[in-house]
Protein chains: 2
Amino acid sequence: MALIGKLVICGVGLIGGSFALALREKGEAARVIGVGRSRLSLERARALGIIDEIAADWAAALDGADFVLLAMPVGQTDAVMQAMAPHLRTGTIVSDAGSTKGDVIAAAYRRLHAHLPCVVPAHPIAGAEKSGAEAASAALFHGKRTVLTPLPENAPEAIEKVRAAWRAAGAAVVDMAPHDHDRVFAAVSHLPHLLAFGLVHDLAGRANAELLFSHAASGFRDFTRIAGSHPEMWRDICLANRQALLGELDQYLGELALIRSLLLSGNGERLERLFEEARRARIAWGEADAAK
Amino acid sequence: MALIGKLVICGVGLIGGSFALALREKGEAARVIGVGRSRLSLERARALGIIDEIAADWAAALDGADFVLLAMPVGQTDAVMQAMAPHLRTGTIVSDAGSTKGDVIAAAYRRLHAHLPCVVPAHPIAGAEKSGAEAASAALFHGKRTVLTPLPENAPEAIEKVRAAWRAAGAAVVDMAPHDHDRVFAAVSHLPHLLAFGLVHDLAGRANAELLFSHAASGFRDFTRIAGSHPEMWRDICLANRQALLGELDQYLGELALIRSLLLSGNGERLERLFEEARRARIAWGEADAAK
């Protein structure tokens, strides 16, 4: 028997679509229903065989639903939960794929208070600079991690169901406290995205932008790959995780102030030591990451 | 007949080694002599078949030399040119592979004044986070660019010889004024390296560095790949191109100040527009780059 009888995906883009495809491929989702604000996207997802049906409204979507994955940009979480709440039946699992957890959890406490035993927040660590249902793939989560940030109110069997679903999709599942999650990802994901968007935006606005871009090479390509990411999704992440992200940005500005002073004073020795420390850490991380 | 009879490589690492291998493969370098400060590296390069001989000193290296490529870190340029000068014969071409041109040219005016018709500065745009002769490859420059920054004093046939050598190595050759070169590469190469080194250095110094790195994923991997680059080489580049790099860093700090203020005030609309502009520019560049 499939792990999930009726699976509802809200926001059938890269992440939601890949989750649906992965579970279908494993036979772990009997029927997949799509919900979302763009009818056109949902019809594309249906044409691509990612979902079976498009729900007319939340009442229809949640009727008999076993598992709901919220995979739209996190800025919509509050409104979506508010719309879902009146139609949600006891026992329907609600999880999400948001890159931030504090805001999603706050919305759950506000909007789904009666349903908290079954609301298990999660974050699959699988990005791509591509977005949309066309980019979805059953293999997206293979060998990747999904972080669960369970609530004290969660029923143990709800947590296990969400864990099993992400494992079926190919991910390794780890648990974290929501606050730790948001701080860690501000540092290793949200800040780098901000920095890459910033660099490309800065260069693109120059009078000699064309000349600059014509000489950019492989270092620039890799450094700025994430500047091709989904603007609305990243706007929402930045706003949702604003406090932690500002903290990380300020810490990084301190690092740049140090580097600037070393440059200004021509302190080659300390500059080289800083580069050497960074290089050693980067190589050690690369080796550990490759061995995962 | 080979384009170059006796080729001398000073600094037989990734770049110098790859240049030698590429020209040998094409039959365009009859004999390759290595010079450098590390006897061990030179012996490795000989064992790998990159060079035929190790020169005992500059007198021996330059005796009958047709073409000298300076491929050691740019901070050594002045000392190397000073050491070469007494042994350099009329007609021997001297080129380099430095990532900065202003400092190399200043050293040439100081140390090789009598030889300027034959000193043609160049910069092959082919980096890799790897370094050393072991990483050298005859294919490194295939499909890449080499920028020439010829001097007004250059003999046209010297420029053509250097151009022909880089073309034989597989590169497309373009000309630029040295000042433009240094400003352009400060923006699209040197600054991103500094930013990547800075981010990894910042995170590696945290008390929770291990936790942070354990959650870093593909976005982080690409963004920080260049933080694995050669520390001494990058120290030299940063110092050599200090003025332009400080200018770029300050411009970027202005961009980050803008982003910080948008975050602080929760201005989602402008943040999204900034991301959208960056994304559009990054995608257009990626398509143009792939079509090259």
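Read-outs throughout are calculated quantities, based only on the coordinates presented, and are distinct from any laboratory measurement. On a predicted model such as this, the values are computed, not experimentally measured, just so you know. Cβ sites come from the backbone with ideal geometry, for glycine too, and all protein chains shown count toward neighbours.
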For B:ALA155, inter-copy label-point distances (7 Å, Cα→Cβ), nm, shortest first, read 8.9
In this structure, the FRET efficiency calculated for B:THR90 and B:ASP250 from their beta-carbon separation, with R0 = 51 Å, to the nearest 0.05, is 0.70
Scaled by the rule-of-thumb 2.2 N^0.38 Å, the alpha carbon Rg for segment B:182-292 gives a ratio of 1.22
Given A:22-32, B:266-276, the highest-first ranking by average Cβ count within 10 Å works out to A:22-32, B:266-276
Mean-square fluctuation maximum in Gaussian network of chain B, Cα pairs under 10 Å, restricted to B:ASP175, B:ASP96, B:ASP78, hits B:ASP175
Computed over segment B:171-210, the distribution of all Cα-Cα distances in 5 Å bins, rounded to whole %, is 6, 19, 16, 16, 12, 10, 8, 6, 5, 2
Measuring from its Cα centre, segment A:235-292 shows a charge dipole (+1 at each Lys and Arg Cβ, -1 at each Asp and Glu Cβ) which, in debye to the nearest 20, is 80 debye
Inter-part gap, Cα centre of segment B:257-292 to Cα centre of segment B:34-98, in whole angstrom, is 45 Å
With a ≥ b ≥ c from the Cα gyration tensor eigenvalues, square-rooted, and the rule rounded for a/c under 1.5, otherwise prolate when a/b > b/c and oblate otherwise, segment A:4-176 is rounded
So, in nm and shortest first, the distances from B:ALA290 to its counterparts in the other copies, with label points 7 Å along Cα→Cβ, work out as 2.6
Per residue of A:175-186, other chain Cβ atoms within 10 Å number on average 2
Taking the alpha-carbon centre of each part, the distance from segment A:168-225 to segment B:165-231 in Å is 13 Å
Quick shape check on segment A:240-292: root eigenvalues a ≥ b ≥ c of the Cα gyration tensor, a/c under 1.5 is rounded, otherwise prolate if a/b tops b/c, else oblate, and it reads oblate
Asserting the computed 222 nm helical MRE of chain B (DSSP H runs at least 4 long, -39500 (n - 2.57) per run, divided by residue count, to nearest 500) equals -15500 deg cm²/dmol
Percent antiparallel among DSSP beta bridges confined to segment B:48-191, nearest 5, equals 25 percent
Computed on Cα atoms, Rg of the protein assembly as shown relative to 2.2 N^0.38 Å comes out at 1.12
Here the Cα Rg-to-2.2 N^0.38 Å ratio for segment B:79-134 is 1.26
Counting only DSSP beta bridges with both partners in the protein assembly as shown, the antiparallel fraction in percent, to the nearest 5, comes to 10 percent
Axis carrying B to A; for chain B the Cβ-nearest residue and its rounded Å distance come to B:ASP222, 2
XL table A:LYS144/B:LYS130; B:LYS101/B:LYS130; A:LYS26/A:LYS144; B:LYS26/B:LYS144; B:LYS26/B:LYS161; Cα-Cα > 19 Å flagged, in table order, is A:LYS144/B:LYS130; B:LYS101/B:LYS130
Ranked by GNM mean-square fluctuation in chain A (Cα springs under 10 Å), the top entry among A:ALA281, A:ALA244, A:ALA71 is A:ALA281
Net charge near A:ALA61 (other residues with Cβ under 10 Å of its Cβ; Lys, Arg +1; Asp, Glu -1) is -2
Listed by chain and number, the residues whose amide H is under 5 Å from that of A:VAL94, excluding neighbours fewer than 5 places away on the same chain and using placed H, are A:VAL68, A:VAL119, A:VAL120
Largest fluctuation, A:LEU14, A:LEU112, A:LEU239 only, Gaussian network model of chain A with Cα springs under 10 angstrom, belongs to A:LEU239
Dividing the mean separation of Cα pairs under 8 Å (6+ apart) by the residue count of chain B yields a relative contact order in percent of 17 percent
Quick numbers on chain B, Rg and Dmax over C-alpha atoms in Å, give 21.0, 69
Rounded to a whole number, the mean other protein chain Cβ count within 10 angstrom for residues of A:244-252 is 3
For A:ALA217, inter-copy label-point distances (7 Å, Cα→Cβ), nm, shortest first, read 3.1
Amide H proximity to B:ILE54 below 5 Å, modelled H, separation 5+ or other chain, gives B:GLY34
Of B:159-169, B:194-204, A:224-234, ordering from highest average Cβ density within 10 Å down gives B:194-204, A:224-234, B:159-169
